[in-house]
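Below is one structure, written out as structure tokens; the observations come after it.
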Amino acid sequence: MNWYFLRHGQINSNLNKVYSGRSDEPLNATGIEQAGQAAELVSSKSIDRVISSPLARAGQTATIVASENNLKVTFDQAFNEMVFGPWEGLSEARVKQQYPLEWALWSSQPDRLKLKGRETLEQLQARVIAGMRHIEAEAETEGKGQNILVVSHVAVIRVVALYAQGRPLSDYKSIPVDNCQLLPISISDEALYALRTHTNPMMDVPT
């Protein structure tokens, strides 16, 4: 199966360096334009299915891309944004001020950060890979298309890219993912099923 991951178009929180998290903030004018440009890029990839995070910014992007390529959009919680817990809605500057120790750890060793109500990178990666496994199994049994476009968020795309490259989650900050950047992701069947996950990885989010 061929996977492509596309980050959603720009929102105002991106400009203001705010953790928008699970909010349903829509695309701004630039984001809508970026989605149209992404639709042209995607047209050369012979995409069979478009799967999106359920959040508005991803859904808008996916709808624009899909409509320009005569495709439909389905939504999957597996590709939803990372749960940022108490950081949701805060700017990076505010987080640094209110959570100086946690911010220092997130900036230097992001895979080690555990915060009440916040998804860890390990949990996020497990959730996303479990979703990919399910889609691959479904495609095999139901004969669905093999070229999949997932419209999602920077955190999701980073942890998938690291997994595909066999790199540790400590390298999380080293992968740049711009708005509406398209990344092909190649994961062997063996690697895709190598990660051990819980039935519901979110059950272990610190509370």
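A short reminder: the numbers here are calculations on the coordinates, not readings from a lab. The structure presented is a predicted model; accordingly, all values stated were derived computationally and were not measured. When we count neighbours, we look across all protein chains shown, and the Cβ atoms used for this are built from the backbone with ideal geometry, even at glycine.
Rank A56, A29, A126 by mean-square fluctuation in a GNM of the chain with C-alpha springs under 10 angstrom and give only the top-ranked residue.
A29
I want the local charge near E25. Using Cβ-Cβ distances under 12 Å, sum +1 for each Lys or Arg and -1 for each Asp or Glu among the other residues.
Summing Lys/Arg as +1 and Asp/Glu as -1 gives -1.
In the neighborhood of A56, defined by Cβ-to-Cβ distances under 10 Å, what is the net charge if each Lys or Arg adds +1 and each Asp or Glu adds -1?
Summing Lys/Arg as +1 and Asp/Glu as -1 gives -1.
Report the gain in length on full extension from A104 to K45: 0.36 nm times residue separation, minus Cα-Cα distance, nm rounded to one decimal.
Between A104 and K45, full extension yields an extra 17.2 nm.
Could you tell me the largest-minus-smallest coordinate of the C-alpha atoms of the chain on each of the three principal axes, in descending order and whole angstroms?
48, 41, 26
Under 5 Å between amide hydrogens, which residues at least 5 positions from I185 or on another chain qualify, with H placed 1.01 Å from N in the peptide plane?
W3, Y4, F5
Taking the Kirkwood radius as the inverse of the mean 1/r across Cα pairs, report the Rg/Rh of region 51-119.
The Rg/Rh ratio comes out at 1.15.
Taking only DSSP H segments of four or more residues, each worth -39500 (n - 2.57), what value at 222 nm results for the chain once the sum is divided by all its residues, to the nearest 500 deg cm²/dmol?
-12500 deg cm²/dmol, from helical runs alone.
Give me the percent of DSSP beta bridges within the chain that run antiparallel, rounded to the nearest 5.
The answer is about 30 percent antiparallel.
Read phi for every residue in region 151-156 and hand back ³J(HN,Hα) as whole Hz from Karplus 6.51 cos²θ - 1.76 cosθ + 1.60, θ = phi - 60°, with x for Gly and Pro.
Per residue, the Karplus-derived 3J(HN,Hα) values read 9, 8, 10, 4, 5, 4 Hz.
Spelling out what I want: for every residue of region 78-95, take phi, set θ = phi - 60°, compute 6.51 cos²θ - 1.76 cosθ + 1.60 (Karplus), and round to whole Hz; glycine and proline get x.
Working through the residues one at a time gives 4, 9, 5, 4, 4, 7, 9, x, x, 8, 4, x, 9, 7, 4, 5, 5, 4 Hz.
Going by amide H atoms built from the backbone, whose H comes under 5 Å of the H on H8, apart from near neighbours?
The answer is S152, C180.
Check S52: other-chain or 5+ apart residues with amide H under 5 Å from its amide H, H built from backbone geometry?
Excluding prolines and chain starts, which carry no amide H, the hits are T74, F75, D76, V151.
Tell me, what ³J(HN,Hα) does each residue in region 61-72 have, in order and in whole Hz, if you take phi through Karplus 6.51 cos²θ - 1.76 cosθ + 1.60 with θ = phi - 60° and put x for Gly and Pro?
Values, residue by residue: 4, 4, 5, 5, 5, 5, 5, 6, 10, 6, 10, 9 Hz.
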